[in-house]
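Worksheet for the structure shown next.
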Amino acid sequence: MKMKINSVIIAVLLAIGSAAQAAAVISGTRIVFPSNEREVSVRLSNEGKEPGLIQVWLDDGDEKAAPDQIRVPFVLTPPMFRMDAGKGQTVRMLYNGTPLAQDRETLFWFNMLEVGPKPTGEADANYMQMAFRTRIKVFFRPKSLNSVQQIDDALNGLRWSLKRNDDGTFAVALDNPSAYHINLLGVKLVDPQGAALFESDAGAMAEPGKRAQLPIKGMTQAPSGTFKLRYTFLNDYGGAVDRDVDLTAPAP
C-alpha cells in the first residue's frame, strides 16, 4: 500500500458510488495525563475490513495548524504506521518535562488521521482519496489535583444560575472556579418530583476559572418557585454522569 500523508491533509478517500466511513477507532473519548507520569498509552484499533495508514499528532487548540509546525511538550510514537484490518496499535505519549501550570489542568488535543487503501479493480478516474480525522481532548493534570475526592469537591463547588438574556431568552450559566475542565452534554430544569420542565442538549465546556452558557430553547418564562437543575457531564472515562443542584428563578 503506497500512500503518503502530508502535514496539511485533512480530507481525501472516498470511493465514488460506495459509502465511506472511518474504520480506525481510539479507545476512549478523552485522555488524562497525570503530571507525575512520564508517559501514557493510547490504544487504537482498525474495525474495518481493509488496512489503513494512520498519522497521529497533538495540538494545543488550533485544529488547522500543520502537524510539523506545532510545538507541544509531548512526543507520540510511532507518529505514522500501517494498521491492518482487525488489528490494533498502541501509541505512546511521552512528556518531555516542559513546565506546565501546576494549579489547573492544561488542555491539548490528540489527532488521528486515517487513510484507507486504493479500491481494487477500479480505474483511477473512478475514485477520490479522502482521509478521516478524529480529534479528542487531552487533559494534562497536575499530580496535586489527581484524586477522586478533589474532583468530587470541584463538582460540588460549581456555581449554577438561570440567566434571562436581553432578548427574552434564557440560558443556564456555569461559573467554574475549579482547576478542572467541566465537559457538559446538556442540562434539564426539573420540578421537585423530577419531571423535566425545560432542557438543552447543547454541549459546552467550562474551562478552569471561566464561565459557560447553555441556551434553553423554547423557554419564554422561568418556572415559578424552587426547581432543580439536572446536568450531565463526562467523567475521566468518557462516561455520562447526571447530577442535580437546586436553582431559584431569576428576579423578573
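Points worth noting:
- Here ASP62 meets each of (1) over 22 Å from ASN146 (Cβ atoms); (2) assigned to a strand (DSSP E or B) with one exception, condition (2).
- Going through (1) modelled with pLDDT of 95 or more; (2) under 21 Å from GLN55 (Cβ atoms); (3) in contact with a helix residue (DSSP H, G or I) (Cβ under 9 Å, 6 or more places away or on another chain) one by one, TRP109 falls short only on (3).
- Residue in segment 66-85 that is more than 21 Å from ALA179 (Cβ to Cβ), of a type outside the set (S, T, N, Q) and in contact with a helix residue (DSSP H, G or I) (Cβ under 7 Å, 6 or more places away or on another chain) present: no
- Note on segment 78-114: among residues that are assigned to a strand (DSSP E or B) and out of contact with any Ser or Thr (no Cβ under 9 Å at 6 or more places or on another chain), the one that is farthest from LEU58 (Cα to Cα) is ARG82.
- Every residue from segment 64-104 that is closer than 22 Å to LEU44 by Cα and among the β-branched types (Val, Ile, Thr): VAL72, VAL75, THR77, THR90, VAL91
- ALA206, sole failed condition from (1) touching a Leu at 6+ places or on another chain (Cβ under 9 Å); (2) farther than 30 Å from SER224 by Cβ; (3) surrounded by 16 or more Cβ atoms within 10 Å (Cβ to Cβ): (2)
- Selected residue (only one of ASN156, ASN176, ASN165 is under 18 Å from ARG30 (Cβ atoms) and not basic (Lys, Arg)): ASN176
- Filtered residues of segment 207-216 (kept if touching a residue at least 40 places away in the same chain (Cβ under 8 Å) and either over 14 Å from VAL187 (Cα atoms) or not polar (S, T, N, Q) (or both)): GLU207, PRO208, GLY209, LEU214, PRO215, ILE216
Matching residues to (1) farther than 24 Å from ARG141 by Cα; (2) loosely packed, with under 14 Cβ neighbours inside 10 Å; (3) at pLDDT 95 or above:
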position	(1), (2), (3)
ILE5	yes, no, no
ALA22	yes, no, no
VAL32	no, no, yes
LYS49	yes, yes, no
ALA66	yes, yes, no
LEU76	no, no, yes
PRO99	no, yes, yes
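The values are calculated or read from the model by the stated rules, or taken from the named source; none is laboratory data. This structure is a prediction, so every number in the text was calculated from the model and none was measured. As a convention, Cβ positions derive from the backbone with ideal geometry for all residues, glycine included, and neighbour counts pool all protein chains shown.
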